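Below: one structure, written as structure tokens.
The values are calculated or read from the model by the stated rules, or taken from the named source; none is laboratory data. Predicted, not measured: the structure shown is a model, and the values here were computed from it. Every residue, glycine among them, receives a Cβ derived from its backbone with ideal geometry; neighbour counts consider all protein chains shown. Heads up: the accessible areas ignore ligands, DNA and RNA and are worked out on the full protein's heavy atoms, side chains in. Shrake-Rupley method; radii C 1.70, N 1.55, O 1.52, S 1.80 Å.
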Amino acid sequence: MQINQGERPVTVDKFGPAVTAGSSAVGIGQPGATSSAAASSASAAVAAAASSAAQAAMQTAAGYPWLVADIGGSNARFGWVAGPGQAVAHVRTLPVAPHESLAAAAKSYLADLAGMGLAAQPHRASLALATALEGDRVELTNSHWTFSRSQLSADLKLDELVLLNDFEALALSLPGLRADQVKPVAGPALAAPKGTLAVIGPGTGLGVGGVVKTGLGWVALPGEGGHATLSPANDFEGELLSVARRELPHVSAERFLSGIGLPTLHAAVATVLGQPPAQRLTAEQILAAAQAGDEVCGRTLDQFCAFLGGFAGNVALTLGARGGVYIGGGIVPRLGERFFRSEFRALFEAKGRFASYLSAVPCVLITDTLVALGGAAFALEQGTLRRQA
């Protein structure tokens with residue numbers, strides 16, 4: 001993972017420890033070697049030793065190794081950063097439900113590393129969490145986990161614990177995403193990152209975040225935009241929202257545009273089409289039925305894409321995200337080509353007098369589900385760089 005305060009590639013090694021390029025070997029005692037060659041070799045050895053000592057000092061100052069994690073409502077992804085310039089390695093995904101607490105899941109992950117022969121005691125940790133963060137007490141929005149940040153730090157024996165909103169971490173990863181980590185949506189091509197970037201992610205819930213380039217580097221803009229009121233773009237969408245309001249006092253974007261919201265959207269679509277469902281389907285059932293050709297489930301997914309486009313346009317206007325809008329989360333990648341054929345882009349731009357403004361904003365789908373781990377690591381790296389400045 002190469003990290004700096006400008007554009008940087010975000011690398012996550014999914015399958016094992018990072019591999020870094022070593023220095024070339026210096027030949028000593030080869031046929032024809034002269035005394036000057038030997039002296040040169042000795043000087044190189046001294047320089048290498050000094051470099052190694054400096055690297056060790058840097059590693060100690062930065063508090064390696066690091067534990068990083070991306071904690072959602074359904075799954076918790078953990079990773080390990082062994083030293084400066086190394087990728088996030090040994091990534092594991094643990095389901096949230098079977099684990100009593102975040103501390104229990106983290107200890108389970110660290111025990112797995114210890115079983116591999118690693119000295120699995122992190123000095124610093126950066127955890128991206130799917131919830132708003134304020135004060136010592138943390139409650140995950142869409143899971144049963146709740147904890148004290150000070151107690152978690154003590155339980156894991158950490159020197160430093162950084163907690164971020166999950167979309168703050170995802171936003172920090174955006175400037176360094178490579179072309180093979182995203183897929184373009186119709187519209188202008190994504191250029192070199194600049195200005196303000198936005199990210200929207202329908203997963204278990206709906207996350208929204210942004211990142212802006214400043215004189216001090218990239219700064220994340222965390223928030224809870226997924227809980228903003230969802231607005232209709234046409235009469236059909238207005239009818240869907242009216243149906244949802246019969247059971248919900250407030251219809252936020254998350255109430256439709258998420259794993260927990262997809263069943264509500266499906267019930268509303270079925271009702272407006274005159275085919276109210278006999279029972280509430282799960283998100284998995286809706287996705288499977290749509291793929292099998294079910295008309296109402298297919299219409300639900302098409303409407304999901306349309307609502308998402310309109311909401312993404314609102315986020316772009318609110319943040320001034322002319323540098324690009326990134327779609328993350330676990331749902332949209334599962335829609336496949338249906339998403340790219342949908343009305344997403346048309347509804348994204350359908351903002352009246354500001355249609356031309358949005359027509360110049362590129363949109364891409366994030367296809368790498370592990371990039372938030374790189375963002376979490378970058379948050380620790382930024383702290384180290386600022387302390388050294």
Considering residues of region 206-231 that are part of a loop (DSSP other than H, G, I, E, B) and at pLDDT 90 or above only, the residue nearest to the chain's Cα centre (by Cα): Ala228
When you go through (1) in a loop (DSSP other than H, G, I, E, B); (2) out of contact with any Phe, Trp or Tyr (no Cβ under 9 Å at 6 or more places or on another chain); (3) touching a residue at least 12 places away in the same chain (Cβ under 8 Å); (4) not hydroxyl-bearing (Ser, Thr, Tyr) one by one for Gly135, which number turns out not to apply? (3)
Going through region 309-339 in order, the residues found to be within 21 Å of Leu287 (Cα to Cα), outside any helix (DSSP H, G or I) and more than 18 Å from the chain's Cα centre (by Cα) are Gly336
Options Phe344, Phe340, Phe348: the member that is out of contact with any helix residue (DSSP H, G or I) (no Cβ under 7 Å at 6 or more places or on another chain), aromatic (Phe, Trp, Tyr) and touching a residue at least 24 places away in the same chain (Cβ under 8 Å): Phe340
Report yes if Thr204 is among the hydroxyl-bearing types (Ser, Thr, Tyr), in contact with a helix residue (DSSP H, G or I) (Cβ under 6 Å, 6 or more places away or on another chain) and open to solvent by less than 60 Å² (accessible area, probe 1.4 Å), otherwise no. no
When only residues in region 211-225 that are over 15 Å from Leu133 (Cα atoms) and touching a Ser or Thr at 6+ places or on another chain (Cβ under 9 Å) count, which is least open to solvent (accessible area, probe 1.4 Å)? Val211
Can you spot a residue in region 184-195 that is assigned to a strand (DSSP E or B) and at negative phi? yes
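Condition check ((1) open to solvent by 10 Å² or more (accessible area, probe 1.4 Å); (2) modelled with pLDDT under 95; (3) in contact with a helix residue (DSSP H, G or I) (Cβ under 6 Å, 6 or more places away or on another chain)) across all residues:
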| site | (1), (2), (3) |
| --- | --- |
| Gly293 | yes, no, no |
| Arg299 | yes, no, yes |
| Asp302 | yes, no, no |
| Gly323 | yes, no, no |
| Val332 | no, no, yes |
| Val371 | no, yes, yes |
